[in-house]
Amino acid sequence: MAQDSRWRRIGHYGARALPGWVVLAEGVDKMVTGIESPVTTERGLAARLRYLTASDAGYEAMDRAGIHVRPRTLIAWLAEERSPSRANLTRLDAAYWDLRRRNVVTDLKRRLTNHGRGTRIEIDPADQSQVATRHRRDVEMRSLNVRGLVWDRAVDAWLSHDARELEAIWDEIIQGGLGTDWDAYTFVSSVGWAA
């Protein structure tokens, strides 16, 4: 059996992992902070509505999220005279996080590119704790530096939910930085960095 085929069937012997590009995107997502109060609370809803109605970009985010209400309905929500339906609460939350992501892209790129020096990442391989000893592979945690332009591309792909581009970027990161055993890191249990 070829080395790469064992990792393409990651769960066959009980290893647990996700595609590296998914974990990379989740890591970028965790860098985005915002309102902690749930949208179902008065405070959380009011804060989201203020944020979304403060700019044209907010109205565009609501449109992308499928919020199509009359101006008087939106005014009633803002004045706390009416509450949005459960479906519209979900859409408002989605619109809020969509706008937050778009508003922090420049900051994310700046932090990750680190003035051209890039950001060092740590990659934890697939969790093989449930794999029988005879089927385990000797794979350890690895760290490498990801350069600035790669981060710019990764953040753009993350923002546009471009899975194909994120996968290509992850392959570029591991193939360029991990040498001949790069394929063992196609699926990973975590990717971490401090930025």
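The values are calculated or read from the model by the stated rules, or taken from the named source; none is laboratory data. Predicted model, so just to flag it, every value in this text is computed and none were measured. Positions of Cβ are generated from backbone atoms using ideal geometry, with glycine treated the same way; all protein chains shown enter the neighbour counts. Protein only, heavy atoms only, side chains kept; ligands, DNA and RNA dropped before computing areas. Shrake-Rupley method; radii C 1.70, N 1.55, O 1.52, S 1.80 Å.
Quick look at the numbers
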read-out: All positions within segment 59-79 that are more than 15 Å from Ala47 (Cα to Cα), loosely packed, with under 15 Cβ neighbours inside 10 Å and small (Gly, Ala, Ser); value: Gly66
read-out: Residue that is crowded, with 20+ Cβ neighbours inside 10 Å, of a type in the set (Gly, Ala, Ser) and more than 24 Å from Leu99 (Cβ to Cβ), where the choices are Ala154, Ala184, Ala194, Ala168; value: Ala184
read-out: Criterion (out of contact with any strand residue (DSSP E or B) (no Cβ under 6 Å at 6 or more places or on another chain), open to solvent by 60 Å² or more (accessible area, probe 1.4 Å) and of a type in the set (D, E, K, R)) met by exactly one of Arg101, Arg82; value: Arg82
read-out: Test result for Ala154, modelled with pLDDT of 95 or more, within 15 Å of the chain's Cα centre (by Cα) and under 14 Å from Pro19 (Cα atoms); value: no
read-out: Strands (runs of 3 or more DSSP E) contained entirely in segment 76-195, each with at least 1 residues that are under 19 Å from Thr33 (Cβ atoms) and not hydroxyl-bearing (Ser, Thr, Tyr); value: 187-193
